[in-house]
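Below is one structure, written out as structure tokens; the observations come after it.
The values are calculated or read from the model by the stated rules, or taken from the named source; none is laboratory data. Because the structure is a prediction, the values reported are computed rather than measured. Positions of Cβ are backbone-derived with ideal geometry, glycine not excepted, and every protein chain shown enters the neighbour counts.
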Amino acid sequence: MSQHDPIQLTSGGELHPDYLQHARATFLNPEEESDFIAACGRPLRKSIRVNTLKISVENFKEIAAGYHWQLTPIPWCENGFWLARENEEQLLSLGNLPQHLQGLFYIQEASSMLPPVALLKESVVEQPLVADMAAAPGSKTTQLAAMLDNRGMVLANELSASRLKGLHSNLVRCGILNTCMSHQDARKIGVLMPGQFDYVLLDAPCGGEGTVRKDVNALKHWDIDKVEELGQLQRELILSAYQGLKPGGRLVYSTCTLSPQENQHVANYLASETDATIVDLNSLFDGAEKVATDEGYLLVLPHTFDSEGFFISCFIKPKDSIIEREPKSVYSTPFTKVSRQIRQKLSHYFQSQFGVDIEPDGYELKQRDKEIWLFPSKLAEFDQYLKINRFGMKVAQVFPNKIRSTHEFACCFGDRANRQVASLSKEQASYFYRGQNIELKDPGFSDGEILLCFENNVIGLGQNKKGKVKNGLPRELVKDNYEIK
């Protein structure tokens, strides 16, 4: 085979011949080459992260045992597992399982769990302000929110408008309350919000070399000019991320690519151009030293842990670092404070109907026309500086003679309810996900809104009238022909 021929992978994909030469010259040791190529051609192991906002790891293991799953702990994430079963066909439909629809777990590649762990590894401030600068589809945002136990606030920023809807859907499904979404070029966030964030995660847009096990064509058309172009964009992004960091704050820069032009060179650029201090990650988890660079970054190759390729670096801004200016107020909010009368009305309704405190500590209710939204209290600190697309969660609509709860309320508060919660059978839950109405056998529920539960987890809302429940699942979530087996 000529050195100019592509390298054929067992997956059916191929490595561009220039890429292998580049890898040899920059990050790939000769003794690892055959293992690297073999790993690039293997499918990724299935991996999931348990969403501890909705279920404990121990309780999830009981569910896994019922499916006969074999769970192997991911060494860097205490809630993450590789998942295997003899019947691999069953694993292909993980996203359609009721436990996934309920938000009990997130299908997330193992290596992508590393950046949030690196960011929040040390003791976390009481009510942190966190920025995820390239958030969609939401795996790391939901991981951060779960690690914070819905405390503080996470700004989930995404440049691509088309990906915001999917991001919001994942936040709702996972019961995330402490997150708001913005649609900004992340290169501007540091200018708009200088010195405001306790923690910043920049999982930067990149060449995706580490994703070849998921996308067999990821390296087929590899181009060094594109790598260099991305490296320049990443330099601009990392400077913006660092500018937005508070003195004493922590920044993680990560990619799912392998070339040093997008990894070490970008991280070293930040260290050389600013007062950033590199955090050595070689003891982040047992085995981290295997993938640690001389600088203290982590470069995970696909064969090392049998995972996706990833790069992670971490920095601290010195406590005596000077923030040259305060952010400027440039936006006005469309939301107003909820009046005392409406607040009392809401509190009484949700307590009497469901036994739920609709305004827990660290949050406050806001109103826009008839809509009632629950905001992280931290949002008041900066929504005037940054255009926010979605604030917290819409929990209700208020009308003169009634209150109507939302699906978001059911997902985020349903598991706290102790009244008006109906347990559904597999058949009834299947009807619900298909958008069909349900007839309850238990006559003990009052007319009006009712929370619907499957296997001890709330899946949505309905409107009960004498045991006949009108389905409240939003149309975009209806799954035609769905059946729980």
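Some notes on this structure:
- Listing of strands (runs of 3 or more DSSP E) fully contained in the range 346-435 that carry 1 or more residues being closer than 30 Å to Asp480 by Cβ: 371-376, 388-390, 393-399, 402-405, 421-423
- Restricting Glu58, Glu78, Glu33, Glu109 to residues that are loosely packed, with under 14 Cβ neighbours inside 10 Å and acidic (Asp, Glu) narrows the list to Glu58.
- Residue in the range 188-208 that is nearest to Pro260 (Cα to Cα), counting only those that are β-branched (Val, Ile, Thr) and crowded, with 24+ Cβ neighbours inside 10 Å: Val200
- Taking first residues from the range 401-429 that are touching a residue at least 40 places away in the same chain (Cβ under 8 Å) and partners that are of a type in the set (S, T, N, Q) and not in a helix (DSSP H, G or I), the Cβ contacts under 7 Å between residues at least 6 apart in sequence or on separate chains come to Arg404/Gln397; Asp415/Asn457; Gln420/Ser446.
- In the condition set (1) surrounded by fewer than 24 Cβ atoms within 10 Å (Cβ to Cβ); (2) modelled with pLDDT of 95 or more, His221 is compliant with all but (2).
- Test result for Ala156, surrounded by 22 or more Cβ atoms within 10 Å (Cβ to Cβ), closer than 23 Å to Ile238 by Cα and assigned by TED's automatic domain parsing to the domain that holds Ser283: yes
- Scanning the range 61-71 for residues that are outside any helix (DSSP H, G or I) and surrounded by 14 or more Cβ atoms within 10 Å (Cβ to Cβ) yields Tyr67, Trp69, Leu71.
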